[in-house]
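A.B. asks: Below: one structure in structure tokens.
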Amino acid sequence: MSFSAVDVIRAKRDGHRLTDEQIDWVVDAYTHGVVADEQMSALAMAIFLNGMESSETARWTRAMVMSGDRLSLDVDRPTVDKHSTGGVGDKITLPLAPLVAACGAAVPQLSGRGLGHTGGTLDKLESVPGWRARLSLDEIAAQLSSVGAVVCAATEGLAPADRKLYALRDVTGTVEAIPLIASSIMSKKIAEGAEALVLDVKVGSGAFMKTLPQARALADALVGIGVDHGLKISALLTDMSVPLGVAVGNAVEVAESVEVLKGGGPADVVELTVALAREMLSLAGISVDPAAVLASGEAYETWARMIRAQGGDPDAPLPVGGHKHVVTAGESGVLSTLDAYAVGVAAWRLGAGRARKEDPVQAGAGILCLAKPGDRVVEGQPLLELRTDTPDAVPYALDALTGGWTIAESAVPPGPLVIDTIRG
Ligand code: URA
């Protein structure tokens with residue numbers, strides 16, 4: 001069936017629900033260049049302004065899944081994946097995927113690169129010497145069977161409609177629309193073929209969603225789409241007002257993840273890794289205690305096998321930014337805030353992130369948060385350690401950090417890291 005793009009735009013502009021047939025047609029026609037970028041821009045803006053009903057969002061997602069391949073993961077263990085909406089210092093996939101695999105599930109993690117102030121999992125892993133992000137479908141299947149965990153780049157054929165639409169939204173001010181974000185994330189996850197999915201929906205200054213009601217609305221939309229597509233699905237709402245862990249960057253986050261896999265690491269990273277692992281294992285129907293597996297060292301063994309399977313050397317020294325700049329406390333007291341967004345932007349400016357998707361990132365750039373909210377500090381004590389290969393970037397990073405922390409006489413104890421869980 002064929003429609004007029006202008007009629008579809010008018011329908012959404014005037015606040016109507018698009019029919020299933022209109023949605024299927026417009027997504028397919030846009031993917032194949034029949035609907036032009038300027039027409040899809042107008043439609044995206046109409047969706048941004050007028051929203052979509054949940055059944056409409058589910059159909060839009062289905063149309064984006066149908067625009068490309070759908071993997072069929074032929075493995076003899078339950079498959080379960082996790083997706084984070086993105087945060088500062090969010091390295092959780094690195095310890096989580098091998099941990100959940102070591103507990104008996106298969107974890108296919110088709111990940112992206114960072115854009116803006118939140119880092120990308122592939123950028124972090126590429127700081128491991130030799131590690132390769134691009135795998136063929138056969139390699140993904142073989143590694144899932146042999147190791148149980150794969151973290152790699154999404155193949156070109158997965159949800160091509162989303163790839164095209166996301167690039168358009170990026171330049172037309174239409175990224176921040178809940179139906180468009182939810183359908184974009186879920187189309188890729190559904191196409192990837194896992195049976196179960198746990199979402200880490202971040203809320204706070206360092207996240208996409210700055211407030212709890214916004215994050216809850218996104219989580220509800222994501223879970224609703226998953227249920228509609230027959231996925232076992234849950235969403236954890238987690239705090240992203242403060243960076244996760246100590247390390248923010250690429251190699252520094254890999255090093256911190258390895259500490260966690262060896263039984264150490266910062267308490268918040270361990271807490272969130274274990275909470276997400278519990279939820280993933282519960283959806284996969286596996287009753288194993290992930291905290292015990294983490295403590296046993298088995299998760300580290302799986303990590304080492306996962307890295308080797310993709311050409312990496314888990315024992316090789318990680319790159320370290322050649323220039324170091326330490327920021328110290330200007331007074332004594334209690335560190336009461338450390339703003340995730342400020343730290344994320346500073347790390348990005350030091351070279352850990354990219355401004356355009358074709359830019360390279362520095363493996364050794366990043367920030368170590370040497371004090372976290374609630375810690376008592378004395379004047380002159382190191383608060384942040386900045387690392388980069390481009391020392392000229394330091395003043396720009398320091399600009400981003402202006403007002404990024406406060407020291408007070410006392411501090412309100414931080415709220416919970418896992419704020420709520422929404423189950424499908
Ligand atoms: N991540 C995605 O994959 N899509 C969005 O629209 C936003 C975040």
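A.B. asks: Which of the following residues is within 13 Å of the ligand (Cβ to nearest atom), in contact with a helix residue (DSSP H, G or I) (Cβ under 6 Å, 6 or more places away or on another chain), farther than 30 Å from Arg77 by Cα and not assigned by TED's automatic domain parsing to the domain that holds Gly344: Met240, Met209?
C.D. replies: Only one candidate qualifies: Met209.
A.B. asks: For Leu165, are the conditions met, namely being surrounded by 23 or more Cβ atoms within 10 Å (Cβ to Cβ) and out of contact with any Asp or Glu (no Cβ under 9 Å at 6 or more places or on another chain)?
C.D. replies: Criteria met by Leu165.
A.B. asks: Can you tell me which of Ala182, Ala142 is under 19 Å from the mean Cα position of the chain (by Cα) and in a helix (DSSP H, G or I)?
C.D. replies: One residue alone meets the criteria, Ala182.
A.B. asks: In the range 193-252, what count of residues is obtained for those that are outside any strand (DSSP E or B) and surrounded by fewer than 22 Cβ atoms within 10 Å (Cβ to Cβ)?
C.D. replies: Residues meeting the conditions: 19.
A.B. asks: Kindly establish whether Val378 is at pLDDT 95 or above and over 22 Å from the mean Cα position of the chain (by Cα).
C.D. replies: So Val378 fits the description; yes.
A.B. asks: Determine which member of the set Ser282, Ser336, Ser287 is under 25 Å from Ser234 (Cα atoms), hydroxyl-bearing (Ser, Thr, Tyr) and not in a helix (DSSP H, G or I).
C.D. replies: After ruling out the rest, the residue left standing is Ser287.
A.B. asks: If you take just the helices (runs of 4 or more DSSP H) that sit entirely in the range 33-130, which of them hold at least 2 residues that are away from the ligand (no atom under 14 Å from the Cβ) and surrounded by fewer than 23 Cβ atoms within 10 Å (Cβ to Cβ)?
C.D. replies: Filter on the range 33-130 gives 37-50, 54-66.
A.B. asks: Would you confirm whether any residue within the range 185-192 is surrounded by 15 or more Cβ atoms within 10 Å (Cβ to Cβ) and either more than 16 Å from the ligand (Cβ to nearest atom) or more than 18 Å from the chain's Cα centre (by Cα) (or both)?
C.D. replies: no
A.B. asks: Might you let me know whether the range 220-231 holds any residue that is under 28 Å from Asp315 (Cβ atoms), in contact (Cβ under 8 Å) with a residue 40 or more places away in the chain and among the small types (Gly, Ala, Ser)?
C.D. replies: no
A.B. asks: Which residue pairs have Cβ atoms under 6 Å apart, sit 6 or more places apart or on different chains, and have a first residue in the range 182-201 that is assigned by TED's automatic domain parsing to the domain that holds Thr155 and more than 11 Å from Leu231 (Cβ to Cβ) and a second that is assigned to a helix (DSSP H, G or I) and within 9 Å of the ligand (Cβ to nearest atom)?
C.D. replies: What qualifies is Ser184/Asp162; Ser184/Tyr166; Ser187/Asp162.
A.B. asks: What number of residues within the range 157-166 are closer than 20 Å to Asp123 by Cβ and away from the ligand (no atom under 11 Å from the Cβ)?
C.D. replies: Qualifying residue count for the region: 1.
A.B. asks: Residues in the range 151-165 that are touching a Lys or Arg at 6+ places or on another chain (Cβ under 9 Å) and in a strand (DSSP E or B): how many?
C.D. replies: Matching residues across the range 151-165 total 3.
A.B. asks: Answer yes or no: is there a residue in the range 133-156 that is within 14 Å of the ligand (Cβ to nearest atom) and out of contact with any Leu (no Cβ under 8 Å at 6 or more places or on another chain).
C.D. replies: Checking the range 133-156: not a single residue is within 14 Å of the ligand (Cβ to nearest atom) and out of contact with any Leu (no Cβ under 8 Å at 6 or more places or on another chain).
A.B. asks: It is to be established whether one or more residues within the range 169-178 are in contact with a Gly (Cβ under 7 Å, 6 or more places away or on another chain) and either more than 9 Å from the ligand (Cβ to nearest atom) or not assigned by TED's automatic domain parsing to the domain that holds Leu283 (or both).
C.D. replies: The answer is no; no qualifying residue exists.
A.B. asks: Here's something else I'd like to know. I need every pair where a residue in the range 165-180 that is within 13 Å of Phe48 (Cα to Cα) and at pLDDT below 90 has its Cβ under 8 Å from the Cβ of a residue that is part of a loop (DSSP other than H, G, I, E, B) and within 9 Å of the ligand (Cβ to nearest atom), sequence separation at least 6 or different chains.
C.D. replies: Glu176/Phe208
The values are calculated or read from the model by the stated rules, or taken from the named source; none is laboratory data. All of these numbers come straight from a predicted model, not from anything done at the bench. We place every Cβ from the backbone using ideal geometry, glycine too, and count neighbours over all the protein chains shown.
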